[in-house]
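Peer 1: One structure, pasted below without further comment.
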Amino acid sequence: MDAVKRVSKVMVREWHALVSDRLFRLLAVVFPLAVVALFTAMFQQGSPENLPVAVCDMDRTALSRSIIRMADASSSMALFSVEDLGEGRRAVLSGRAYGLLVLPERMEREVLAGGAPASRFYINNQIMLPAGVIKRAMLKVFSGVSAGVKLKVNLAKGMPEARARERLAGIQVASRILYNPNLDYRWYLYASICPFLMKVFIMCATVWSVGGEMKGGTVHEWVSAAEGRVHLALFGKLLPLTIWFTLVCWAMLAFFFGAMELPRPHGVVTLMGGTFLFVAACQAAALFLVAYTGELAKAVSMMSLYAGSAFVFAGVTFPAAAMPLAARIWHVTLPLTHMVRLINEQALKGLPPEGSLGTLGALASIGLVCGCFAWVRLFRRLSAGESVRAASGDSV
Amino acid sequence: MSWFRLIAEELTLVLGDSATRLLLLGSVVLYAFFYPYPYSPEVQTHVPVAVVDLDHSSLSRQLIRMAGAGDRVRVARRTATLAEAKALCKAGEVQGILLVPEGFQGKALKGTKAEVAVWSEALSFFTYRQVATGLLTVARTLSAGIEIKRLRAAGLGEEAAFAAMDPLPLQIVQVFNPAGGYGTYVVPLVFALILQQTLLMGVGMVAGARAEAGDSSWFSAGPGLFGAVSMVTAKLAAYLLLYSIHALAYFGVLHRFYDFVERGAVFEMALMMALFLTAVILFALTLSVLFPHRETSLFVLIGTSMPAIFLSGISWPVEALPSWLRAVSFLIPSTAGIDGFLRISTMGAGLGDVAGDVKVLVGLALVYFITATWVFYKKGRA
């Protein structure tokens with residue numbers, strides 16, 4: 001009973017810190033909510049729509065106009081005409097267009113004469129995401145038009161229609177997309193950016209909450225709230241943030257499955273439990289940095305390196321399987337890696353709970369390893385009267 | 001105090017303190033190697049896929065052989081049923097499936113509708129593109145070969161046969177990054193962002209440390225507006241000097257080290273970079289007043305890197321942003337700065353092509369010069 005009382009005294013103290021400390025309030029409440037809101041606004045379109053594409057029509061016939069019309073009808077692209085190649089090039093360079101479609105002179109006439117006039121599509125592949133979208137869309141338009149022309153030619157030759165249709169493609173490929181059938185960027189990028197931002201703020205809030213006491217020389221006051229029991233003081237300090245961020249992350253997941261239309265998992269318990277482990281693992285990593293760095297500024301710098309680079313090394317955009325070995329090792333040590341995998345496994349792949357045991361185990365291991373080392377070290381530092389040391393090291 | 005003395009003092013202050021030196025010098029050096037490292041292979045090759053051959057014909061074997069011969073995918077597993085292949089996919093062992101149904105060869109050679117089925121996993125779009133493109137290309141190539149043979153047999157010449165197979169071919173020309181290298185795309189973007197973020201955090205850290213020490217002389221070089229202006233311009237010159245070296249190292253030296261193609265004219269790149277850095281430094285000096293402690297700027301700004309990348313338009317298209325967000329995003333120098341600089345350096349645009357970005361940056365530099373001076377004037381009096 002005594003322990004509960006001591007822990008709750010520390011927790012009450014944390015509550016007062018939240019109310020009175022502006023930075024703590026920003027890190028724990030305002031920033032996480034604001035940044036998620038910002039990305040929600042950015043990802044209103046699951047896939048980018050109406051990407052501008054310049055077209056230089058040197059043919060100006062019914063055929064070329066119908067190609068332009070069909071391309072423009074695609075939801076991904078919005079076409080606009082340019083007079084010549086020079087203007088088209090400028091449009092791509094200046095960013096008014098992501099690509100330039102060039103329809104050659106005498107295109108229609110050559111097609112009617114049995115030729116195959118090649119059109120060209122220049123794509124600005126330095127801006128990779130829209131480049132991929134318009135490439136896919138334009139190939140689809142051309143294969144459709146090309147098949148239509150082929151059908152007409154064969155029909156004109158007197159081939160029966162059923163046979164002519166069969167002839168269209170020698171081998172047809174039925175292409176299906178697994179786990180994200182509409183290539184929805186919200187399921188992919190948004191659903192990994194949000195946990196990344198959570199990780200950043202969980203670690204920020206934890207580093208500030210613990211490191212701030214050491215820097216401010218208030219460790220004595222903090223430990224006294226737990227009547228000198230260092231373990232309970234630490235526990236009471238970390239627990240409110242664990243609970244709060246777990247709730248925030250749960251709300252984020254609910255938002256994914258509601259507003260952002262991610263497929264709902266069969267059971268939510270695995271995902272919710274995993275989220276708790278994720279929060280705890282991030283806190284443990286933050287605690288580790290505080291415990292093993294001398295001053296707060298260094299702890300924050302280390303944290304910005306560890307948490308800030310997590311998105312890159314989690315292998316969301318560039319897959320970890322393709323990374324060099326040392327990067328793959330780093331990849332495994334990041335809680336974000338496993339959180340993103342857990343969302344993929346449970347929501348997109350729809351695995352049963354036991355299918356995510358490895359992922360949950362990884363999250364728990366990171367939490368335990370970082371947590372234990374950090375706890376031991378911090379226990380020593382706090383017991384040894386950190387406040388005195390911090391005060392002397394503070395006058396930089 | 002002479003103006004040049006102020007510059008020297010600021011640089012001494014920055015490089016003399018271990019924490020600010022780590023941020024404004026150390027991290028810039030570290031990140032130059034840390035961030036590009038995972039992308040060094042540039043593309044993903046030999047993605048494992050499973051093959052389900054229900055036809056067991058010479059043609060199906062040819063298709064599977066062709067699939068494994070390219071460098072996009074490799075045939076990692078062969079399974080007897082689709083269910084097994086799908087289970088492998090769920091377990092994460094393969095990222096795609098190629099299924100050849102029974103009767104495939106017969107239909108293909110007869111010219112009736114022969115079909116193969118491809119499943120590509122889209123958890124990572126980068127991997128998805130490799131698998132889908134790899135498997136589709138193989139099926140199309142095989143199909144084209146058969147069709148050409150049949151058309152030739154029907155008496156068409158080679159050229160006519162190709163024309164009859166695909167009367168409206170589309171040639172895709174990927175410019176500026178023809179191989180689709182991920183590092184080629186993202187590293188210049190990240191480099192430009194690192195310059196901005198370390199500057200904002202670093203100047204904030206210097207200011208916070210001074211504020212913490214109760215030293216208000218950092219803000220003022222003398223009485224009145226003149227003191228504020230000379231302080232702001234001296235600090236601008238100091239950080240511009242330091243970061244010109246960083247920018248030169250990133251885009252002059254390291255770009256060659258990483259084999260990225262530099263397409264812009266040197267003078268235009270330098271001018272654009274100077275404009276970008278000027279806007280960032282003046283923005284940082286304006287914000288510096290917000291940070292009461294040396295670590296505050298780090299805590300406050302660490303969450304801004306990701307939004308800045310996504311607002312720059314180089315990763316997520318600006319057309320997909322709500323218009324209010326697009327408008328607000330121009331307040332951050334990286335929005336116009338990254339777009340303008342990368343268009344010149346990686347795409348070879350001229351200053352005229354990025355006139356819009358230039359105007360925004362000049363505007364920001366003016367506005368932030370006024371705000372910074374005002375802030376320093378107020379702070380210096382206090």
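Every number in this text was worked out from the coordinates using simple rules, so none of it is lab data. Being a predicted model, the structure only gives us computed values, none of them experimental. Cβ sites come from the backbone with ideal geometry, for glycine too, and all protein chains shown count toward neighbours.
Peer 1: Sketch the reach of a paramagnetic label on A:Arg65 as a point 7 Å from Cα along Cα-to-Cβ, and name the residues of the range A:93-127 whose backbone nitrogen lies under 16 Å away.
Peer 2: What the label zone holds, given the 16 Å backbone N cut-off, is A:106-109.
Peer 1: Could you tell me the calculated FRET efficiency between A:Leu325 and B:Arg78, based on Cβ-Cβ distance and R0 = 41 angstrom, to the nearest 0.05?
Peer 2: With R0 = 41 Å, the Cβ-Cβ based efficiency is 0.90.
Peer 1: Between B:Ser323 and B:Leu241, what is 0.36 nm times their sequence separation minus the Cα-Cα distance? Round to one decimal in nm.
Peer 2: In short, 25.9 nm is gained.
Peer 1: Okay, next question. For a test of the definition: using alpha carbon positions, the gyration tensor, and the 1.5 limit on a/c, classify the range B:47-165 as rounded, prolate or oblate.
Peer 2: Values: a/c = 2.85, a/b = 1.77, b/c = 1.61.
Prolate, since a/c reaches 1.5 and a/b exceeds b/c.
Peer 1: Trypsin sites (Lys or Arg not before Pro), restricted to the range B:275-382: which are DSSP loop and have at most 11 other Cβ atoms within 10 Å?
Peer 2: none
Peer 1: For chain B, which longest stretch is free of loop sites, where a loop site is one of the GluC sites (Glu not before Pro) that DSSP puts outside H, G, I, E and B and that has at most 14 other Cβ atoms within 10 Å?
Peer 2: B:103-382
Peer 1: Please list, by residue number, every one of the GluC sites (Glu not before Pro) in the range A:25-89 that is coil in DSSP and has at most 14 other beta-carbon atoms within 10 Å.
Peer 2: Taking the range A:25-89 and a limit of 14 other Cβ atoms within 10 Å, the loop GluC sites (Glu not before Pro) found are A:Glu83.
Peer 1: May I pose another question? Given B:Lys113/B:Lys149; A:Lys199/B:Lys235; A:Lys215/B:Lys235; A:Lys152/B:Lys149, which pairs have Cα atoms separated by over 23 Å?
Peer 2: Working: B:Lys113/B:Lys149 16 Å; A:Lys199/B:Lys235 34 Å; A:Lys215/B:Lys235 29 Å; A:Lys152/B:Lys149 21 Å.
Those over the limit are A:Lys199/B:Lys235; A:Lys215/B:Lys235.
Peer 1: Here's a follow-up. What full-extension length gain, to one decimal in nm, is calculated for A:Val12 and A:Leu151 as 0.36 nm per residue of separation minus the Cα-Cα distance?
Peer 2: Stretched out fully, the A:Val12 to A:Leu151 stretch lengthens by 42.4 nm.
Peer 1: Suppose R0 equals 41 Å; then what is the FRET efficiency for B:Trp374 and A:His220 from their Cβ-Cβ distance, rounded to the nearest 0.05?
Peer 2: So the FRET efficiency works out to roughly 0.45.
Peer 1: In percent, what relative contact order does chain B have, based on Cα pairs under 8 Å that are 6 or more apart in sequence?
Peer 2: The value is 19 percent.
Peer 1: Say each of A:Met58 and B:Ala249 gets a label point 7 Å from the Cα, pointing the same way as Cα to Cβ; how far apart are those two points in nm?
Peer 2: Modelled inter-label distance: 4.8 nm.
Peer 1: If you don't mind, another one. Return the loop-located trypsin sites (Lys or Arg not before Pro) in the range A:131-196 (DSSP other than H, G, I, E, B) with at most 12 other Cβ atoms within 10 Å of their own Cβ; answer none if there are none.
Peer 2: Numbers: sites: A:Lys135, A:Arg136, A:Lys140, A:Lys150, A:Lys152, A:Lys157, A:Arg163, A:Arg165, A:Arg167, A:Arg176, A:Arg186; in loops: A:Lys157, A:Arg167.
Here the trypsin sites (Lys or Arg not before Pro) that fit, given the DSSP loop and packing criteria, are A:Lys157.
Peer 1: Which residues in the range A:297-340 have a backbone N closer than 11 Å to a point placed 7 Å from the Cα of A:Arg377 along the Cα-to-Cβ line?
Peer 2: In the range A:297-340, the label zone of A:Arg377 (backbone N under 11 Å from the point 7 Å along Cα→Cβ) covers A:299.
Peer 1: Say each of B:Phe257 and B:Trp3 gets a label point 7 Å from the Cα, pointing the same way as Cα to Cβ; how far apart are those two points in nm?
Peer 2: Each label point is offset 7 Å from its Cα along the Cβ direction, giving 3.5 nm.
Peer 1: Mind giving me the FRET efficiency for A:Glu83 and B:Met66? R0 is 35 Å, r the Cβ-Cβ distance, nearest 0.05 is fine.
Peer 2: Efficiency for this residue pair is about 0.20.
Peer 1: Right, something else. Could you calculate the contour length gain from A:Arg163 to A:Leu247, that is, 0.36 nm times the residue separation minus the distance between their Cα atoms, to one decimal place in nm?
Peer 2: Contour length minus Cα-Cα distance gives 24.1 nm.
Peer 1: Based on the alpha-carbon gyration tensor of the protein assembly as shown and its eigenvalue square roots a ≥ b ≥ c, which shape applies: rounded if a/c is under 1.5, prolate if not and a/b is larger than b/c, or oblate?
Peer 2: Verdict is oblate for the protein assembly as shown.
Peer 1: Obtain the nm distance between the two label points defined at B:Asp215 and A:Asp21 by a simple spin-label model: each point lies 7 Å from its Cα along the Cα-to-C-beta direction.
Peer 2: The modelled label-to-label distance comes out at 2.6 nm.
Peer 1: Here's something else I'd like to know. Rounded, prolate or oblate for the range A:64-106? Axes are the square roots of the Cα gyration tensor eigenvalues, ordered a ≥ b ≥ c, and the cut-off for rounded is a/c under 1.5.
Peer 2: Since a/c reaches 1.5 but b/c is at least a/b, the shape of the range A:64-106 is classed as oblate.
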